[in-house]
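Notes to accompany the following structure.
Each value in this text was obtained by applying a stated rule to the coordinates, not by laboratory testing. This structure is a prediction, so every number in the text was calculated from the model and none was measured. A quick note on method: Cβ atoms are made from the backbone with ideal geometry, for glycine too, and the neighbour counts reach across all protein chains shown.
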Amino acid sequence: MMALAVGTPAFGQPNNFLRIGDGSSRVDSINPFGAVNGFSLLTVRTLYPFLVEYDLEGRITSDLAENYAISDDGLTWTFNIAAGATWNDGTPLTASDAEWTINTMIAFRDGATARFSSFIANIVEAVAKSDTELTIKFAEVAATSGDALAQIPILPEHIWAPIAGEDGSGLSSFGNTDPVSAGPFEIVRFTPPESIIFKRYDDFYGTAPKLDGFGVVFYSNDDAAVNALKAGDIDAAYEVPATAMSTLAGSTAVNVVVTEGRDTVFFEINSRAIKETAPELKNPRVREAIDLAIDKDEIIDVVTDGLGARSASFLPPSAQYWYNDELEMPGHDVDKANAILDELGYAMREDGIRVANGMPMIYRFLYPDVATGAPRVITMIANMLADIGIKVEPQASDYPSYAAAIFRDDYLNFEFGLDDFEPDNDPNRFLGIPTCAQFNQANETGYCNKEYDALFAEQAVTLDTQKRREIVRELQAIIARDRPIIPIYAAPTISAQRSNVRDLPPSPLIINHISKQFLMNVTVEK
Amino acid sequence: MSTDSPSRKTPLARGSLRWHVHMLMGSRPAMAGVVILLFFLFVVVFGDVIAPHDVREKTGPVFGPPTAEHLLGFDDGGVDMVSLVIVGTRISFLVGFAAALIATLFGGIVGLLAGYYGGTIDRLLMAVTDYFIAIPALPLMIILAALWGPDLTRATMLIGLLLWTLTARVIRAQTLSARERGFVRRAKAMGASDWWVIRKHLLPQIAGLLTASGITTLAVAVFYEAALAFFGLESATAVSWGILIHNAFAQSALSAGAWWAIVPPGVAITVLILACNLVGAYIEDNFGGVNYQPHISAQRYTLLPRRGSAK
Amino acid sequence: MTRSSDSLMRFLRRLVWPVLTGTATILLTLVANFFLFRFAPGDAADLRHIPGASAEMKEAIRREFGLDRPYWEQFVKYLEQLLHGNLGYSYQSRLPVSLELGNALQNTIPLLLIGLVVALVIAWFSAVIAAWNQGRTIDQVLRGAALAFYAMPTQWLGLILIFAFTGILPSGGMRDPFLFSDSAWDQAMDIGRHMILPGITYALAVYGQFMVIMRTSILQTLSEDFIVTAKIKGLTDWQVMQRHATRNALLPVTTLLGLNLGMLVGGAILIEVAYSWPGIGQLVYHAVIGRDYPVLSGAFILITTSVVVCNILVDMIYVLIDPRTRQS
């Protein structure tokens, strides 16, 4: 019936099958060069081998490479690849597939394969010495090499090489609707946007999963997923809204799993162009007053039913090892905030708005409508700032327009912003956001601090994890001091599963897409 | 008509305010519609005063159920629903009103010009009108609003600018027939300016129809306001009925079992649209509509005289 | 002989006009569509919410979608591609927009048609009963109900029905993807079950306008002279009702269908979002959220074109069934 439905119809009634439902997402693409959201990345992770990947504890572990050795200068890594691995069309899976994939990503890094440019940035080349041996040469020693390799899927050369074309443009426009894969599961049916169904691939090079298969069904709202879970139409629901907790908690057939999440909501203060528009915002005292006025606990109560996490650092507590837990958690004290502003001589007018430098403290407050917690967080912050005589004018827009507005005229058209970011396992990319190099890209406040940039560069090449951790903590302390971005809360990830589902591990990500081990031990009792 | 005869026994002058009121009293649905519209107008003006709680303040639990003090419970921010629906009336009504005003003005002018001047102008204007009639309004509205970014003013303009076509059609037809009336032709023959003729002779004749289509358009505009809000294409920090429905949907009021967060704004929209349609239909019926008398019906199993044949 | 060929000519001319204007409308839309989307703020390059996305990467995406070329060049390419039925590629899925639209349309049409048929049936029954009891309480109740349903925001009506039938009927999606059955019957039953709530919502949302116009039209027919003739011939009231009133009641409905096609499609869009129905509405909804311009643009072309084409068809049907155009 569907033109896109692919694969074998003769799947039959599987015994041990996990039915997942989600109300906010969908698989946007199963082409690794186009996949963006969590479930697309889960699909890519499931279908394709990676040299290494993360385990459930967030450590680098082996995947296709059984082991690897690093040369004395740290620049050449040699991987031993599982022998006898095959793609699901019967073609052998060898080191040359990995060689081709990595070198192709390097060749078209400014074009079709740009999605992987940050992961291959430090790689010079990959060479297949034999079917089972691969070496990768790095340009410099970096702390993030393992993390980068854990993000690069190995694609079947015999399928992808012919479609690449001269400039590689064929790679990113390839629909890949009937993928040749080698991971623990293969696609039985992909019916975008409704659902995707996998079954176990019996010639998988690793340990066989316990499940016969799994599938994900996508609804266009969270209610539908919750209803389906309650009705027993699905076994597990992801992105469960906090507001549904109370109704689900009453059911004995359903277990709700709340995990400290990584997705963190930030209040952003323009740190670049405000010299012209609102010089008072440069003052750290004013920033402190703003921080004091925002009652994060109240926001967490309302928006996340009390399940979100406070964070003293812009890197959330779920970053665990990297999180700087020595930072002081900013308090909530409206009186103190008002006292600070009084002291600075920003008198309050009759209409309750303060005047600073001859201008009323009325500021533009931009946010993308897809931001976590919006619009409720916005109205709450607006009310809280009103209590200290600061008026904000919220303006929602779609993400492209938001980014365009923020960066327009070199950060001249806003004072406040709100957005959310989700750090990776390795904090490198996340820490890079408030650097000068990220102007007009990821840096939404225009914050630029040479001291920060130098430390950031240093942590990236510090191989001693303990030492690197010290620098990472220092970076967090700088941001907490300068407050270009004020963390509001880290959103919880809430999932729910029926009680006959066993060994489905929780994840700080909305759906775990960084480890094949995620689904390996799951069983579903009838 | 002699000037000194007392007016008490003569029927009310057609078109006078008292005549309108008298006519209106005779139609129960129209009367109900007018009363409802007046009630909403009152809420629009005094909403801030009569709302029992501040809509910016959390006064109860998230999706808290109705209590004696909070008759309709709370929304996803713990805000009193009664107050939200009351305060939301203003934006819903104003968006509807402004959009209807734009549509009626624009459509009225186009219809008037096309009907009055005829010929090439008519053909040109009607071609444009037909084009916009053929384009599906809601999809175009959604796409344009998505392109321009979510904003209340832009949404209002969009709704207004996509709803003028029916008004233009109706007004053109009415103008065409009015133009052929004897006194209009006489005035033109005597050298009256176009503007004079339009203002003195045509406008009074189409005023009723213009009002009717304005009120009907108001209803459609309120409907579209809610639809755009449902797609998240209005500023989410504003309070309108459409946004209340959207918030409840987006924040999973259904899973929370909070019917009170969904039902009231929808009822309000329904009642407002219903009232507009009743009043609109009444005006149309009494200013150009036709009533049909059937020859057979369940009440009377006999043949009825054809309408008007008795005279 | 001349008489019939004359009327045939007139008949054909009446058919040609809608085709001509319809074609003009579609062409104009295609041009307008290009300019609407090229002058939108933001583009694919800003679409991806990736911390650390490099400038090269954004440039690459811009190049990939041809956004770095001058407008006239893009326009020529656009027309060229349209000629080949190519609506571009989705920013999000990387699939051809025409493929995505085709799949979505396959799901929307059954919902729309079934909803429409149910709506017409409800409308016809309540119109006949109301006309028969003109002026009585039942007439007022039926008209009131029609007006009230017509006044309800479609998406809201959907949510209310979901709320009322949670656990009884499926309220999300078009089928159970985990139904591992190859039997066509099982699959059809599954889709049917999923269609009940959205179908009823759709029918309720649109039947009101049909009911009101059918009722008026039935009353109008019943007031005409041939009804007297029919009565004199000895037909019972019910026979008269069936033979004349019903057929004549359908005529204005065809006009209404044509006029309101855009509105009918709009209703379907809202319902699909409320019910996660994988049709055009949901596609547009996700494209709005992701600002997937090629999909939005393609959807606009598709919806406009189908509405215009349906309008032409309705015009033709009208010409065919209207006794005045057929006989004169």
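Return the FRET efficiency for the residue pair residue A:359, residue B:128: r is the Cβ-Cβ distance, R0 is 51 Å, and the value is rounded to the nearest 0.05.
0.65
Working from Cα positions, state the angle (0 to 90°, nearest 10) between the long axis of helix A:95-107 and the longest principal axis of chain A.
40 degrees
So, R0 is 41 Å and r is the distance between the beta-carbons of residue B:109 and residue B:50; what FRET efficiency does that work out to, to 0.05?
It comes to 0.60.
So how far, in whole Å, is the C-alpha centre of the stretch A:179-228 from the one of the stretch B:260-289?
48 Å
Computed over the Cα atoms of the stretch B:130-200, what is the ratio Rg over Rh, Rh following Kirkwood?
Here the Rg-to-Rh quotient is 1.24.
Note down the magnitude of the dipole of the stretch C:124-231 about its Cα centre, charges +1 on Lys and Arg C-beta and -1 on Asp and Glu C-beta and zero elsewhere, to the nearest 20 debye.
Dipole of the stretch C:124-231, to the nearest 20 debye: 380 debye.
Using a basic spin-label model with each label point 7 Å from the Cα along Cα→Cβ, how many nm lie between residue C:32 and residue A:298?
Spacing of the two 7 Å Cα→Cβ label points: 4.7 nm.
So what's the back-of-envelope 222 nm ellipticity for chain C, counting only DSSP H runs of four-plus at -39500 (n - 2.57) apiece and dividing by all residues, rounded to 500?
-26000 deg cm²/dmol
Report, in order of residue number, the helices in chain C meeting two criteria: a C-alpha extent of 24 Å or more along the helix axis, and a mean Kyte-Doolittle hydropathy of at least -0.5; treat each whole DSSP H run as one helix.
Qualifying helices: C:2-38, C:97-132, C:184-222, C:246-274, C:293-321.
Scan chain A and hand back the longest stretch that contains none of the GluC sites (Glu not before Pro) lying in DSSP loops with at most 14 other Cβ atoms within 10 Å.
Counting only loop sites that pass the neighbour cut-off, the longest clear stretch is A:351-524.
Suppose only helical runs count, i.e. DSSP H with n ≥ 4. What mean residue ellipticity at 222 nm does that imply for chain A under -39500 (n - 2.57) per run, divided by all residues and rounded to the nearest 500 deg cm²/dmol?
Details: 17 runs with 146 residues, N = 526.
Using -39500 (n - 2.57) per qualifying helix, the result is -7500 deg cm²/dmol.
Calculate the mean, over all residues of peptide C:92-100, of how many other protein chain Cβ atoms lie within 10 angstrom of the residue's Cβ.
Details: counts 9, 14, 12, 11, 2, 0, 0, 5, 4.
Counting other chains' Cβ atoms within 10 Å and averaging over C:92-100 gives 6.
Can you give the local net charge around residue A:393? Use residues other than it whose beta-carbon is closer than 10 angstrom to its beta-carbon, Lys and Arg +1, Asp and Glu -1.
Numbers: positive: A:364, A:391; negative: A:415.
Around residue A:393, the charge tally is +1.
List the relative contact order of chain A as a percent without decimals, with contacts defined as Cα pairs under 8 Å and 6+ residues apart.
Rounded, it is 21 percent for chain A.
Given R₀ = 25 Å, FRET efficiency for residue B:25-residue B:161 by Cβ-Cβ distance, to 0.05?
With R0 = 25 Å, the Cβ-Cβ based efficiency is 0.10.
Could you tell me which of A:278, A:486, A:70 has its Cα farthest along the dipole of chain A towards the positive end, charges placed at Cβ (Lys, Arg +1; Asp, Glu -1), taken about the Cα centre?
A:486
So how long is each side of the stretch C:107-179 along the principal axes, counting just the alpha-carbon atoms, biggest first, in Å?
Rounded to whole Å, the extents work out to 52, 24, 20 Å.
Kindly put A:465, A:61, A:144 in sequence by how many other C-beta atoms sit within 10 Å of each C-beta, fewest to most.
Values: A:465 11, A:61 16, A:144 20.
Starting with the residue having the fewest Cβ neighbours, the order is A:465, A:61, A:144.
Using the Cα centre as the reference, give the magnitude of the dipole from point charges on the C-beta atoms of chain A (Lys, Arg: +1; Asp, Glu: -1; all else neutral), rounded to the nearest 20 debye.
About 480 debye.
Name the residue from A:188, A:118, A:83 whose Cα lies farthest towards the positive end of the charge dipole of the stretch A:73-188, charges +1 on Cβ of Lys and Arg and -1 on Cβ of Asp and Glu.
Sorting the options by dipole projection puts first A:118.
By counting other Cβ atoms within 10 Å of each Cβ, how are A:516, B:188 ranked from fewest to most? The partial results should precede the final answer.
Numbers: A:516 26, B:188 15.
Neighbour counts put them in this order, fewest first: B:188, A:516.
For C:277-286, what's the mean count of beta carbons from other chains sitting within 10 Å of each residue's beta carbon?
Across C:277-286, the average partner-chain Cβ count within 10 Å equals 4.
Stretched out fully, how many nm does the piece from residue A:71 to residue A:89 gain, at 0.36 nm a residue minus the Cα gap? Provide the component values of the computation, followed by the final result.
Details: separation 18, 0.36 × 18 = 6.48 nm, distance 3.54 nm.
Gain in length upon complete extension: 2.9 nm.
Could you please report the charge total around residue A:505, scoring K, R as +1 and D, E as -1 over all other residues with beta-carbon less than 11 angstrom from its beta-carbon?
Spelling it out: positives minus negatives among the neighbours equals -2.
In square nanometres, what is one fourth of the surface area of the convex hull spanned by the alpha carbons of chain A?
25.7 nm²
Going toward the positive end of the dipole of the stretch B:139-252, with +1 on Lys and Arg Cβ and -1 on Asp and Glu Cβ, which of B:163, B:191, B:150 do you reach last?
Working it through, the farthest residue towards the positive pole turns out to be B:191.
Span-like helices, chain B: DSSP H, alpha-carbon axial extent 30 Å or more, mean Kyte-Doolittle 1.6 or greater, which ones?
B:28-50, B:81-117
As I understand it, the value is the acute angle between the Cα axis of helix A:222-231 and the longest principal axis of the Cα atoms of chain A; what does it come to in degrees, rounded to 10?
50 degrees
Per-residue mean of other chain beta-carbon atoms within 10 angstrom of the beta-carbon, peptide C:166-175?
Going residue by residue through C:166-175 and averaging, the value is 6.
Filter A:336/A:450; A:210/A:526; A:336/A:391 down to the pairs with a C-alpha to C-alpha distance above 26 Å, please.
The pairs that break the limit, which is 26 Å between Cα atoms, are A:336/A:450.
Counting alpha carbon pairs within less than 8 Å and at least 6 residues apart, what relative contact order, in whole percent, applies to chain B?
Value for chain B: 22 percent.
Exposure proxy check: A:341, B:105 ranked by fewest other beta carbons within 10 Å?
With the fewest neighbours first, A:341, B:105 line up as B:105, A:341.
On C-alpha positions alone, give me the angle between the axis of helix A:38-47 and the longest principal axis of chain A, in degrees, nearest 10.
20 degrees
To the nearest 20 Debye, how big is the dipole of chain C about its Cα centre, given +1 on the beta carbon of each Lys and Arg and -1 on that of each Asp and Glu?
On the way: 24 positive and 22 negative charges, 220 e Å.
Magnitude of the dipole: close to 1060 debye.
Normalising by the residue count of chain C, find the relative contact order in percent from Cα pairs under 8 Å and 6+ residues apart. Spell out each step's value before the answer.
Details: 336 pairs, mean separation 87.5, N = 328.
Computed over chain C, the figure is 27 percent.
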